[in-house]
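Colleague: I'd like to ask some things about the structure below.
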Amino acid sequence: MTSAAPPMTQRGFTLLEVLVAFVVLTITLGVLLNIFSLAIRTTQTAQDQQKAVLLAESKLAELDAGLTLRPGVERGEFDDRFGWETRIEEFDNRTLMDNQSVLVPYRLSVVVNWDEQRSYELFTLRLVRTEAQ
């Protein structure tokens, strides 16, 4: 009497299971890479915006520190990415003040631009005595 040998059962993954696991892994990694690249772009945009705000505040403080204000427009560049434009103009004060006032309001504005279509504008009013003009 001979006993039958137990059937050999193989344990492991089939080729189809391995391919499905690779497809799932590829899709998951693709989604994760998109999320990370979006986060990097958003961080870069926020950094550019913050730098533009700081540059505009600096340029406006420089304008405001000047002793005399002359209406006009000036342009320049901070570096290869950020440019600026300042504008000084008399503010229309007929509705705000009487004509006898010795103070003349000026509107000071600074526009910082970068990446062709992005810009940030900052402006303020400054009162100047008519004798000091």
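Colleague: If a residue must be part of a loop (DSSP other than H, G, I, E, B) and more than 18 Å from the chain's Cα centre (by Cα), how many such residues does the stretch 78-92 contain?
Modeller: Qualifying residue count, the stretch 78-92: 2.
Colleague: Here is a follow-up. Looking at (1) closer than 18 Å to Glu85 by Cα; (2) in a helix (DSSP H, G or I); (3) open to solvent by less than 90 Å² (accessible area, probe 1.4 Å), can you tell me which one Gln50 breaks?
Modeller: In the conditions (1) closer than 18 Å to Glu85 by Cα; (2) in a helix (DSSP H, G or I); (3) open to solvent by less than 90 Å² (accessible area, probe 1.4 Å), Gln50 misses (3) alone.
Here is a yes/no grid of residues against (1) modelled with pLDDT of 90 or more; (2) farther than 22 Å from Gln117 by Cβ:
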position: Thr26; (1), (2): yes, yes
position: Lys51; (1), (2): yes, no
position: Asp64; (1), (2): no, yes
position: Pro71; (1), (2): no, yes
position: Asp79; (1), (2): no, no
position: Met97; (1), (2): no, yes
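Colleague: Any idea how many residues of the stretch 53-80 are open to solvent by less than 70 Å² (accessible area, probe 1.4 Å) and touching a Phe, Trp or Tyr at 6+ places or on another chain (Cβ under 7 Å)?
Modeller: Residues meeting the conditions: 6.
The values are calculated or read from the model by the stated rules, or taken from the named source; none is laboratory data. Every value quoted in this text rests on a predicted model; they were computed, and no experiment measured them. Cβ sites come from the backbone with ideal geometry, for glycine too, and all protein chains shown count toward neighbours. These accessible areas exclude ligands, DNA and RNA; they are computed on the full protein's heavy atoms, side chains included. Shrake-Rupley method; radii C 1.70, N 1.55, O 1.52, S 1.80 Å.
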